[in-house]
Every structure is written in C-alpha cells, then in structure tokens.
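**Q** The structure under discussion is supplied below as structure tokens; questions concerning it will follow.
What follows draws every value from the coordinates through simple rules; no lab data is involved. None of these values were measured; they are calculated from a predicted model. No Cβ is skipped: glycine too gets one built from the backbone with ideal geometry, and neighbour counts run over all protein chains shown.
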Amino acid sequence: MPTVAAPSEAPPRFTGVSVWDALTTRQIARIFFTLAGLSALLYLLVQVRSTLLLLGIAIFLAVALGPAVDFFARGRLPRAAAILIVYVLIFLVFGGVLSLIVPPVVNGATGLSQDLPGYVTDLRDSKTIRDFDNKYDVTSKLREEAQKLPDKLGDAAGALQGIAVGVANATFQLLTILTMTFFLLLNGRRMVSFLITRFGRHREERLHDVAERIYKSTSGYVAGALTITSINGILTFIVLTLLGVPFAVPLAVMMAFFGLIPLIGATIGGVLILIVTLFTDFPSATIIYGIFLLVYQQVENNVLQPFIFKKTVNVPPLTVIIAILAGSSLLGVVGALVAIPIAAALQIVCREYYAGQTTVSGSVILPDDLPPPDAPGPGPGDPPAAPPPSGLAPASPSSSRRPKGKPKPA
C-alpha cells in the first residue's frame, strides 16, 4: 500500500502582534536610556553653546595663523616662542591701525564741536530757518532741554556702566580665545592625530590627507582674503587722497574691513564712502569714486579672486550664498566671515567620502573596509590558501557575457 506523504506544515503566522509587543524588556530599556542620554547631551550642548562658539573661533584662528607659526618655527626657535611672535605682530598691526584712525577722528570731532556755534549762527542768518524758528519756537525748546540735561546725567552714568561691563566681558572673551588658540597652535597636530587614530589604522592615511587639505584650504583662504582686502584698502586710500576727501585713512580701513565680508561687504563699504563724498566735492568726487568702485569690483571678481583662490577654495557661487546667509543668521558678522572656509571644508569631506564609493547601475555600493597595512601576509613556508568552493567560484568575463540557454561550446 503506497504511503501518502503528510502535507508540509505552513509556517506560523503572527497576526495581531505590534512591533512594541514584540520588543523585550531589555530592548525597551535600551531604547529608553539611549533617548534619555541623547536628550541630556543635547541639553548640555545648549547650555555650553557660548563656550562652543569661543572654541570654534579659536579653532578657526589656529588654522588661519598656522602657516605663520610654521614659518617662524622652521629653525631652532621653539614653537611657543613662534606663537608669541605672531601674537606680537598682530597686536602691532592693530595698534598701528588704531593710531591711524583715532587721531583724525578725534581732531574732526574737536573741530566740529568748535565750529558748531558758528553753524547755528549761520542757520539763524537764513530767513527761512529764522521764520521756522519764530513759528515753532525751536530755540526755547532747546534751552529747556539743555536745562534738564544735568538731571539726566544719572541715566548716562548707568549707560556708561553698562558699556564698561560689556567691554570687560569682551576683553575676557578675547583673552580666552587667544589662550585656547595658543594651545591649539602648540598641540593641535597631536590632538588631530590622536582623534584620527580612534578611527582605525587603515583609515589614518586617508583621514590625515583630508585634514591636511582642510588646513591648507582654510589657511589659504584667510591669507588670500587678507591680501585682497589690503589691496582694496590701499587703493581706496590713494583715490580718496587724490580727490581730497577728508578722513581718507579711517574710510580706507573701514573699506578694508568690509572687504572681508564676502559678496556684499565691499559694496556696503563703497556705498558708505559715496555718501561721504556727497558732502565734500559733489558731483565730481562722487562720480570719480563711483567709477573707481565699479572698475575695482570687476577686477577683483574676475582677476584677483580667481587667481588667488583657485588653489585653495573652489566653492560654487550658490553654495557661497547659502553658506553666507546661514552663517550670518547663526553668528552674525563672525558667521559671514567663516562661512566660506567651513563650506570649503564640508565640500572636501563630501568629495572624499563619495570618491571612495563605486557606482553600479545607478546604485551606490559602499566599499568594504580594507585590512590594516601592517597585517602579516602568508609566509614562504605557509600552506597556500584554500580555493573557494565550486559554487562560489567567480565567473569568467566570457561566461558572464554568454546569453542564457546557449550551451557552452565544446
């Protein structure tokens, strides 16, 4: 009698069981503590965001000043002494700029205060102004406000106290940034090497290359930006001096500072100088400086920037605009200044990441991690490696291109 095979049992179906019901107590506890830890970490980051901002500025300054420190530390000079030399040079430059700006401004303010009564008298000599004063009694109202001025000195003292506190806080933050920058310049390479080794030996060379490229890109951008803005300030000073515009040195320094802000900085500084020329020799000075501003903008955008930045920063214009808007909205002027170097660093990281991937039929395949380069290979006395199983043997190129169903030729 033939034996009838029993029908195979169907696999059990789990119906009506949600994902949360399938989790074990250990998995639920792990998810809970992970979310709690992430929340605590986010809360701590929010609390120390001001410190993180100072650290970010210090890192940027360390990268920007790194080439200068390396230049002075090439010989037998200790690196700490080279950092101090760079600091002294920076303070001398700022002191020289202030010595060029402050005296003309003070002399101009003193002259204005001495000539102000004469300006008021000249206004009273005008029939229109005199009729206006007689109609609205402006002079008596000004006298009344002047008599109330001593009572408002207390409020002025409070405002001055607030300014003094703000200056003290800014000085403390500046000293903190300079101290952190000093230690980053002194031990920054060892810190970066230590962090890179945490990712494995087989990634060290690649990560070192990425870090070196980011370092050269950022430092090169800072050096190029300082070069371009210095050229802008010098040419502005020469043009304003030839036109006889007062306060040529302060206006040139202001133009150089605005030139550090990408895209719109030089335009803002040029418009402010155009407004000043309206009160000096209008319209000749205004027209001549306006022509100079337009010509210089074209030369800077089409000659200077491509020549100086071609080997350091090559960020697309749309990325530059987005980076500047995001940086200015987050950190104000500081964010606009560091937006392009950060965008260039992110671009280098993204290019390096996608360069190590292989594209096959429109899909991206992540490469396997390579073994460490110092891994021991098979010795001369070791037995040869076993061949792969027949079912897993790689197919030859000819067999992979043979259509299905066609027999192998004899």
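**Q** When the Karplus curve 6.51 cos²θ - 1.76 cosθ + 1.60 is applied with θ = phi - 60°, which whole-Hz ³J(HN,Hα) does each residue of segment 87-99 get, with x for Gly and Pro?
**A** Whole-Hz 3J(HN,Hα) from phi for segment 87-99: 4, 4, 4, 5, 5, 5, 5, 5, x, x, 5, 5, 5.
**Q** So if R0 is 22 Å, what FRET efficiency would Y87 and I234 give, r being the distance between their Cβ atoms, rounded to the nearest 0.05?
**A** Working: r = 25 Å, r/R0 = 1.12.
It comes out at approximately 0.35.
**Q** Could you list V349, V46, V253 in order of exposure, starting from the residue whose Cβ has the fewest other Cβ atoms within 10 Å? Let's see the in-between values first.
**A** Working: V349 14, V46 9, V253 18.
With the fewest neighbours first, V349, V46, V253 line up as V46, V349, V253.
**Q** Taking the Cβ of each residue in L235, L185, L337 as the centre, tally the other Cβ atoms inside 10 Å and list the residues starting with the fewest.
**A** Working: L235 15, L185 25, L337 21.
Ranked by crowding around the Cβ, least crowded first: L235, L337, L185.
**Q** Over 10 Å intervals from 0, what percent of Cα-Cα pairs in segment 275-317 sits in each interval?
**A** P(r) for segment 275-317, in whole percents per bin: 26, 32, 21, 17, 3.
**Q** Now for a separate question. With a point put 7 Å past each Cα toward its Cβ, work out how far T176 is from R79 in nm, to one decimal.
**A** Here the answer is 2.5 nm between the modelled labels.
**Q** Rounded to two decimals, what is the ratio between the C-alpha radius of gyration of segment 239-333 and 2.2 N^0.38 Å? If you can, show how the numbers build up before the last one.
**A** Working: Rg = 15.3 Å, N = 95, 2.2 N^0.38 = 12.4 Å.
Rounded to two decimals, the normalised Rg is 1.24.
**Q** What translational diffusion coefficient, to the nearest whole µm²/s, does segment 187-235 have by Stokes-Einstein, given a Kirkwood radius computed over alpha-carbon pairs, a temperature of 10 °C and 1.306 mPa s viscosity?
**A** 125 µm²/s
**Q** If you plug each phi of segment 283-291 into the Karplus form 6.51 cos²θ - 1.76 cosθ + 1.60 with θ = phi - 60°, what whole-Hz ³J(HN,Hα) values come out, in order, with x for Gly and Pro?
**A** Ordered by residue, 3J(HN,Hα) equals x, 5, 5, 5, 5, 5, 5, x, 5 Hz.
**Q** Further question: Residues with beta-carbon under 13 Å from that of L185, excluding L185: net charge, scoring Lys, Arg +1 and Asp, Glu -1? Walk me through the numbers on the way to the answer.
**A** Values: positive: R79, R189, R190; negative: D70.
Result for the neighbourhood of L185: +2.
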